[in-house]
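Each remark here refers to the structure printed beneath this line.
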Amino acid sequence: MKSIRILLVDDHQILREGIRRGFESAGHEVVGEAANGLEGVERAVELRPQIVLMDLSMPVMDGVTATKEIRDKLPDTQVVVLTMHDDVGRTRQALDAGAMGYLSKGASFSEVLGTVEAVAAGETGLSPELAVAMLRSAADAPEPEDGPLLSDRQIEILQSIADGETTKQVARSLGIAQKTVHNHLNAIYRRLDTQSLTHAVLSAVRLGIISLD
């Protein structure tokens, strides 16, 4: 796989050092580190990494706020959360802020590496168990409006993403440009009132628009 440019944002230096070594051994480039959310935003704007690996509980600025700022300033940079928090409410906050993946610090490095590589390839990074828990708690997801909430093409694209395809694979299978897929996804985000692909998939499943195998 092509080398991924990664920024590490965590207030535990020893953890950052261990993760850095792991990524570098896997052939990826850790372009920088930050010890709090504010520094993470500043470093992200400066370095423009492909992936930010983000803690949630940090001084100065928390990870949820930092994630939202990074996604607002750098829409092409994806955020993967790595945190001690595994409750559904905290997960939803991170996903609503724009995170594309969510990992517990109890995860193995191979799981962290796999999630980061998946997100860099245009996939989502949310465990099936956490997805099920979020669906069960999604009482505040948007309700259907009169008429179709999503177009047939948007449903087709979102279902393909839920089935594990990347945006590049979806574009190829549908015979459309990858940019067209992203345009459809942006429209889906607006319709489902979210900035997160993972949250859009979960909301669409709850509404019965698509299904998770």
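Results for (1) closer than 20 Å to THR194 by Cβ; (2) of a type outside the set (Gly, Ala, Ser), shown as yes or no for each residue.
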position: LEU38; (1), (2): no, yes
position: VAL41; (1), (2): no, yes
position: MET54; (1), (2): yes, yes
position: ALA66; (1), (2): yes, no
position: LEU82; (1), (2): no, yes
position: ALA107; (1), (2): no, no
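Which residues, taken from the range 59-98, are under 14 Å from the mean Cα position of the chain (by Cα), among the aliphatic types (A, V, I, L, M) and at pLDDT below 85?
LEU82, ALA94, LEU95, ALA97
Being under 20 Å from ALA120 (Cβ atoms) and either basic (Lys, Arg) or out of contact with any strand residue (DSSP E or B) (no Cβ under 8 Å at 6 or more places or on another chain) (or both) is the filter here; which residues of the range 19-40 pass it? Walk me through it before giving the result.
Our first condition is that a residue be under 20 Å from ALA120 (Cβ atoms); within the range 19-40, this holds for 19-34, 40.
The answer is ARG20, ARG21, GLY22, SER25, ALA26, GLY27.
The values are calculated or read from the model by the stated rules, or taken from the named source; none is laboratory data. This one's a predicted model, so the numbers in the text were calculated from it and none came from an experiment. Virtual Cβ from ideal backbone geometry, glycine too; neighbours counted across all protein chains shown.
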